[in-house]
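The values are calculated or read from the model by the stated rules, or taken from the named source; none is laboratory data. Fair warning: this is a prediction, and the values are worked out from it, not measured in the lab. Using ideal geometry, Cβ is built from the backbone for each residue, glycine included, and neighbour counts are taken over all protein chains shown. Each accessible area value is taken on the protein alone, full model and side chains, heavy atoms only, with ligands, DNA and RNA left out. Shrake-Rupley method; radii C 1.70, N 1.55, O 1.52, S 1.80 Å.
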Amino acid sequence: MTDEPDPVAIAGRLADVFAERAAEHDSGNTFPFRNYDDLAEAGLLKLSVPTELGGLGAGLPEILPVLERLAMGDGATALAVTMHISPLGQWASVWRRTRSPRLEELLRMAAEGRLIWASVTGELGLANNMTDARTTATRVDGGFILSGRKSFATNTSVATHCSTTARYEEAEGGPRLLLCQIALDQQGVRVHDTWNTMGMRATRSDDLELDEVFVPDERVVHSLPVGHLDARVLETVWAWAMPAFSAVYTGIAAGALDWAVRQLVRRGRETDPVLQDLIGECQILVESSRALIHRHAGEVTSRELFRHGVQEGIARCALVKYTASNNATKVLQRLVDALGGMAYSRNLPFERMWRDVQAGTFMPMGNLAARKLIGASVLGVRTAPVVDFEEPTR
């Protein structure tokens, strides 16, 4: 990545601006389009695009502190843009090894501002673990017809394209999960105004309906047998999304801690030994999350993560996100004890941070699923069949 400009410094400047706007978007349940314009103007929307293709060339270790710093100002904006920056980084890591023309085209489009991405795989009543879908795929000449409804479609307010999943029941050898790319202006694609939540309101993670949407064969980028853990999904989705989510929730916690410390010092309470103990605990939790995120980024970059095997690799990804999101909620809860009634006022930013951070524990991979997978892996129990790197993908 180039030395100038410093993306973390840019993110810090923007985060301070976004923090001033956050209450308005949270209260109004509105997407922060101005923030996206600022991110684009600053070049951060092409943060993870290779420099050879017109981007800033950031890898996973450089992306994560940028997302954390953005989240210190506005967690919702940081989470939304994660759904763009993380997939581009996944493609870039694969492109650097394969020089895939298809990936190069998408990355150049992003660098030129013609593509903003969203990752849309969630469905109500179905675990979002990238092993199955209720959305159906029907074979037709030249591709597939997709029909279904996705939930938690973060970033679709501004995205031009998205990745999604569908189940192809009639596949040879048994049902397969298709990973597809679609344009959001295609016929049959509709975003439904459904988002009304406790926190992360400005993400506008509305439902996405696919009503007989055509996906050509070349936009079916991968497939795997239903119910299997997949090496390529580990390499891309799990390896990148889990630390990205972790950075966002760690950033919210760090922002809340920074705000709380300023209030306590302003009130002359910094010498209170009880508060010193509490603030020390919160700092330890934030730094513990950062250390684990940093270790994970190193394992992805060195590819050490993928030498553990598919199930253990996914478990290690889940461990990072579980630790960071739960540490973040604990930080916010402990800070309530320090702040008292200030924590409850909607006129102050802490209350929004408190609500926003709660989403971390159930976002993929949610707490229960993560603990089960991690425990099974430690015990040597195989939870599902595995598609390894050597096995065919289509």
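Given SER100, SER86, SER119, which one is among the small types (Gly, Ala, Ser) and surrounded by fewer than 17 Cβ atoms within 10 Å (Cβ to Cβ)?
The conditions single out SER100.
When segment 350-393 is filtered for residues that are open to solvent by 40 Å² or more (accessible area, probe 1.4 Å) and under 30 Å from VAL17 (Cα atoms), the ones remaining, listed by number, are TRP354, GLN358, PHE362. Of GLU235, GLU212, GLU218, which residue is open to solvent by less than 50 Å² (accessible area, probe 1.4 Å), touching a Gly at 6+ places or on another chain (Cβ under 9 Å) and among the charged types (D, E, K, R)? Matching residue, one of GLU235, GLU212, GLU218: GLU235.
Among the residues of segment 43-59, at least one is touching a residue at least 12 places away in the same chain (Cβ under 8 Å) and exposed (fewer than 15 other Cβ atoms within 10 Å of the Cβ). Among the candidates ARG307, ARG316, ARG295, the residue that is among the basic types (Lys, Arg) and buried (at least 18 other Cβ atoms within 10 Å of the Cβ) is uniquely ARG316. A residue that is over 15 Å from MET72 (Cβ atoms) and either open to solvent by 10 Å² or more (accessible area, probe 1.4 Å) or outside any helix (DSSP H, G or I) (or both) occurs somewhere in segment 10-23. Which pairs do you get when a residue that is within 30 Å of ASP356 (Cβ to Cβ), found in segment 203-227, comes within reach of a residue that is among the acidic types (Asp, Glu) and open to solvent by 20 Å² or more (accessible area, probe 1.4 Å), reach meaning Cβ atoms under 8 angstrom, with the pair 6+ apart or on two chains? Sorted first by the residue in segment 203-227, then by its partner, the pairs are ASP206/ASP193. Of all residues in segment 269-283, those that are farther than 14 Å from ALA253 by Cα and either exposed (fewer than 10 other Cβ atoms within 10 Å of the Cβ) or among the charged types (D, E, K, R) (or both) total 6.
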